Amino acid sequence: MILLEYASKIVEETLKEKIKDKANPKIPIVDLVCADFDGVMYHVYTSTTNKKEILISISIKCYDDLVKYGANSVIDKHYKEYKTDTEPGYNLTLKFNLDNAKNEELATEFAMLKARLFSAPYHHVFDALESGKKVDTPIQIGFRDAANEKVWLKTVDDRVMVIFSINFKDPDDIVLGKNFLSEFKKNVSGAPSVDFAQKDPPRDLSGTNAKGDGFVTFVLFKRHVEAKNRLNTIYTLQNFRNYLQYHIKCAKSHLHTRMRNRVDTLLKILNRAKQKLPTEKKTASGRTFSRKEGGSAAGGVRGRGRGAPVASPKKGTGRGAK
């Protein structure tokens, strides 16, 4: 199983390339619009007034929900000095000067923008657990607006419940997804407890309008939310839905490959089973001849040696003789 990267690879590589070329007096401009998981859009472009200034804009469907649970604190912690006027159609715009970029690590910092913004609700609930506060009403984040998929977070005693709703557009994905999610229910030492339910939402979501093809519940304990494990827990949970979809597509690709290989094997078997039809023909008078390529007939009476002349039919014999 492959774990997906947390940072946006396209944004990271684009910015690294620009930082490498910052000494070039004829540095080319950049104007890149790219998508990330969960319906997120990036716009990376060069300032119109200074070619050394690069702007990064991000658009998130559930940005208001993230701000409600602490996204602004995350921005101030990591990107306060880079904030600038927001580009129309986007939720946040950052700006930096290539001359101030000491190394390529800054590119990774900007590529982690989406992951850090989505981490705000998790930090909010984890901090509540550590401080002994309760979050009885589930926090709802519509992280995949196009598929109407949501994630809920709440505290229960000394645990944190993270519940994902799953909606598949492809009927085949429902079958494969059910098999994958059933495997998550196995207990693994040290890992969070996982439960999967189809159709009906779990009791922890009673009173909400939760709907979906299935629901996956992660139960996190204090060891998962403590400082040394917190970020790894948050980023892994963020990528859970994309991780699931990625492996479903890999499974379908593997099945198609095996089916094509099986068809090729069957065709080879059929080709080997073909029988060679007899090429020797017999005339009305009882003489035999073999048909060669090109449609010409040659041969003679059965038993003649190689190179023997072909006997010409006598006059008055054969069909149609007068």
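Values for this structure:
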quantity: FRET efficiency, 1/(1 + (r/R0)^6) with R0 25 Å, evaluated for Asp31 and His78 via beta carbons; calculated: 0.50
quantity: Around Thr93: net Lys/Arg minus Asp/Glu count, Cβ-Cβ under 9 Å; calculated: 0
quantity: Computed over segment 43-148: relative contact order in percent, which uses C-alpha pairs under 8 Å that are six or more apart; calculated: 32
quantity: Entries of Lys9/Lys186; Lys26/Lys80; Lys16/Lys83; Lys154/Lys211; Lys68/Lys169; Lys52/Lys83 with Cα pairs more than 26 Å apart; calculated: Lys9/Lys186; Lys26/Lys80; Lys68/Lys169
quantity: Value at 222 nm in deg cm²/dmol, rounded to 500, when DSSP H runs of n ≥ 4 in the chain each add -39,500 (n - 2.57); calculated: -11000 deg cm²/dmol
quantity: Calculated Cα Rg over 2.2 N^0.38 Å (choose from (i) 1.78; (ii) 1.08; (iii) 1.00), label; calculated: (i)
quantity: Where only C-alpha atoms are counted, convex hull volume of segment 11-82 per residue in Å³; calculated: 109
quantity: Of the chymotrypsin sites (Phe, Trp or Tyr not before Pro) in segment 225-272, those whose Cβ has at most 10 other Cβ within 10 Å and which sit in DSSP loop; calculated: none
quantity: Probe 1.4 Å, all protein chains present, accessible-area order of Thr155, Thr49, Thr84, largest first; calculated: Thr49, Thr84, Thr155
quantity: Leading residue at positive end of dipole, segment 112-175 (Cβ point charges), from Ser119, Gly142, Thr155; calculated: Ser119
quantity: 15 Å Cα-Cα reach of Lys20 towards aspartates and glutamates, excluding residues that sit fewer than 8 places from it in its own chain; calculated: Glu12, Glu53, Asp99, Glu104, Glu105
quantity: Computed E for Asn209/Glu105 - FRET, C-beta separation, R0 45 angstrom, nearest 0.05; calculated: 0.55
quantity: Rounded to the nearest 20 debye, dipole of the chain from Cβ charges on Lys, Arg, Asp, Glu; calculated: 4240
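The values are calculated or read from the model by the stated rules, or taken from the named source; none is laboratory data. Treat the numbers as computed from the prediction; the structure is a model and nothing was measured. Cβ atoms come from the backbone with ideal geometry, glycine included; neighbour counts cover every protein chain shown. The area values use the complete protein model at the heavy-atom level, side chains included, leaving out ligands, DNA and RNA. Shrake-Rupley method; radii C 1.70, N 1.55, O 1.52, S 1.80 Å.
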